[in-house]
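Note sheet for the following structure.
The values are calculated or read from the model by the stated rules, or taken from the named source; none is laboratory data. In this text the structure is predicted, and so the values were computed from the model without any measurement. When we count neighbours, we look across all protein chains shown, and the Cβ atoms used for this are built from the backbone with ideal geometry, even at glycine. These area figures cover heavy atoms from the full protein model, side chains too; ligands, DNA and RNA do not enter into them. Shrake-Rupley method; radii C 1.70, N 1.55, O 1.52, S 1.80 Å.
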Amino acid sequence: MDNRGYMDKRVDGIQSSAFPTLADDHIEFLRRYGEVRKIERGQVLYREGDRSYDFIVVLEGDVEIVDNFEGEARTIAVFGARRFLGELNMLTGQAVYLTAMVGRDGEVLAIPPINLKKVITEEPTLSDIILKAFLARRSILMRAGTGLRIVGSRYLKDALRLREFAVRNRLPHVWIDLEDDEGALALLERFDVKPEETPVAIWQGKKVLKNPTNAELARAIGLNVDTSRQEIYDLIVVGAGPAGLAASVYGASEGLSTLSLEAVALGGQAGTSSRIENYLGFPAGLSGSELASRAMVQADKFGARTTVPQETVGLRREDGCYKVTLSEGGEVIGRGVIVATGARYRRLNIPRLEEFESVSVHYAATEVEAQMCEGAEVAVVGGGNSAGQAVVFLAGRTSRVYLLVRSDSLGKSMSTYLVDRIEGTENIEVITNAKIREFLGDGTLEGMVVEDNRTGERRTLEARALFVFIGAEANTDWLKDTLKLDDRGFILTGRALDCSILEERVWQEFSRDPYLLEASLPGIFAVGDVRSGSVKRMASAVGEGSMAVRYVHQYLAEASPPS
Ligand SMILES: Cc1cc2nc3c(=O)[nH]c(=O)nc-3n(C[C@H](O)[C@H](O)[C@H](O)COP(=O)(O)OP(=O)(O)OC[C@H]3O[C@@H](n4cnc5c(N)ncnc54)[C@H](O)[C@@H]3O)c2cc1C
């Protein structure tokens, strides 16, 4: 392959897995699934924005991958013989980001997307090569300065919302900040947009969406927002963090028609983690977004239907099925439901908090937030592992990190490996017995006053951003009137439920106690962080998600079929 543009740099680990060469026997195997076509210089094989396109293996000649933003063609890469084209969107149904144009006459093998899915399920070696390449290409695209353009000010909440949506969903995009990008105003002018109409998202260099909702943006770029409202699914999984993703993968792979609904982005809280180091099988750690992408491909491979963004707002039992109400209107119907809506971070009680939220006060420490405070002093509040990870990550990107802990020492609720790393990093300062009293600044944070909660002594920190990791609240507002919750709002399951519920009519049909992960209505299961008494770890969330599917099978076998 002749590499140009961003790909003409050193071939690192990602690059080599992104652009593999297929062996003769792989190509022979693939011939059964597609047809050979002649190609001629200048011919377009697929165009930016196409919703569906063939998986192309180049047999002879060259195909160029071109970025066509505003009609300015930029060749990103050239694929020669034995290389294959395609990217993650072939499996997710997202529209394609770049155009494929023939550079040199030859021949290709074209495989329709439906057959590609068959290859992926039937041939493990090829499946591995293709999936690894697709995931690696998405990582490269995320850094390549291509795809969606999001233009706005870093001080606008909606601009940050759109940017976060793009980052968390791993949508290739370019963030253009009105505050310091000289070309931003000229770009807006070319698209006839006034600065006060920002944020805008520009798709395919033509379509301008002014301050779209996440769902509008998702629809424009072809994410699966809409669900079939006609079908009765065997299983509806609400939430696609680690627990929900595991439930979808196991549900679909075990033959259940599975619909997965996610309000924000696949990966849940884990998706906001820069590096998870204690997940089994990944000794070097892996980022939450990488984990989410891999799980998404896996769920898709087994036929689970995933829709993002799709928030659920209600749940009720009717005719032996469950009707799940969606925030955008309408309902979907499932025979069994797994609730995996996890938890969200608690907020601090400090005057003017809202004024700084999203702009300078954050509840995640990912690449997006790190870029916003690069080189500055920042503070992190919290004493658990997520605070510890954030501190270590931010220490590499900022000049100084203050870790504010309410108790008198670190290590009470943080893993030893993180405590050791914090203690060994020069630009981290741990302040114990700390309580934030006051924010300084107007619109953006310029510092904060911190008080020693034993002595009352005060100190001003010149921190330009605050990262908050002080425990979580369950995402169960939508279930308050439906399921039994504990006094903190987490869902009660199995033996934690009061046996008086068995007297309720709905349980009498079943004449048994609730299963281990079953909630107060038969056929509804709660897994992961949202479950009362859960361990709040990724591995346990994944374990519970997969385990619950077994109980769903048992429930479906005993429940009467829908009328
Ligand atoms: C920064 C950070 C670092 C972490 N690091 C580690 C680590 O190193 N090791 C470890 O073991 N654990 C770690 N954790 C904890 C781990 O991520 C969680 O235990 C795990 O993500 C829980 O998974 P879950 O699927 O139960 O819930 P979540 O991950 O919370 O996912 C729930 C999902 O449900 C969605 N949702 C919520 N409400 C609705 C609704 N009404 N409709 C549709 N969707 C909805 C949310 O958007 C979310 O995507 C970390 C957490 C954070 C925040």
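Note on residue 142: accessible area is roughly 50 Å² with a 1.4 Å probe, heavy atoms of protein only.
Using DSSP to call loops (not H, G, I, E or B), can you name the trypsin sites (Lys or Arg not before Pro) in region 497-545 whose Cβ has at most 13 other Cβ atoms within 10 angstrom?
When the trypsin sites (Lys or Arg not before Pro) of region 497-545 are filtered for loop state and at most 13 Cβ neighbours within 10 Å, 512 remain.
Per-residue Karplus couplings for region 360-366, computed as 6.51 cos²θ - 1.76 cosθ + 1.60 with θ equal to phi - 60°, are listed in order as 10, 10, 10, 10, 8, 10, 10 Hz, Gly and Pro entered as x. Relative to the current alpha-carbon distance between residue 192 and residue 277, full extension at 0.36 nm per residue lengthens the span by 25.9 nm.
Note: relative contact order over region 263-386, using C-alpha pairs below 8 Å and six or more positions apart, is 20 percent. Taking the accessible area of the chain, probe 1.4 Å, and keeping the other protein chains in place, the carbon and sulfur fraction comes to 46%.
For the chain, what's the relative contact order in percent, using C-alpha pairs closer than 8 Å and at least 6 residues apart?
Numbers: 1246 pairs, mean separation 63.6, N = 563.
Relative contact order for the chain comes out at 11 percent.
Here the 3J(HN,Hα) profile of region 151-157, calculated from phi with Karplus coefficients 6.51, -1.76 and 1.60 at θ = phi - 60°, is 10, x, 9, 5, 8, 9, 4 Hz, Gly and Pro shown as x. Each peptide in 392-403, 23-34, 43-54 was scored by the mean count of other Cβ atoms within 10 Å over its residues; highest first, the order is 392-403, 43-54, 23-34. Taking every DSSP beta bridge that has both ends in the chain, the antiparallel portion is near 60%. Highest average first, the peptides 87-97, 279-289 ordered by how many other beta carbon atoms sit within 10 Å of their residues are 87-97, 279-289.
In region 372-476, Cα pairs under 8 Å separated by at least six residues give a relative contact order of 31 percent. Close amide H contacts of residue 55 (hydrogens built in the peptide plane, cut-off under 5 Å, sequence separation of 5 or more or a different chain): 111. Distance check, please: which entries in 157/536; 412/435; 132/301; 117/207 exceed 19 angstrom between their Cα atoms? Pairs exceeding 19 Å: 157/536; 117/207.
In the full protein context, region 408-563 carries 51 Å² of accessible surface per residue, based on a 1.4 Å probe and ignoring ligands, DNA and RNA.
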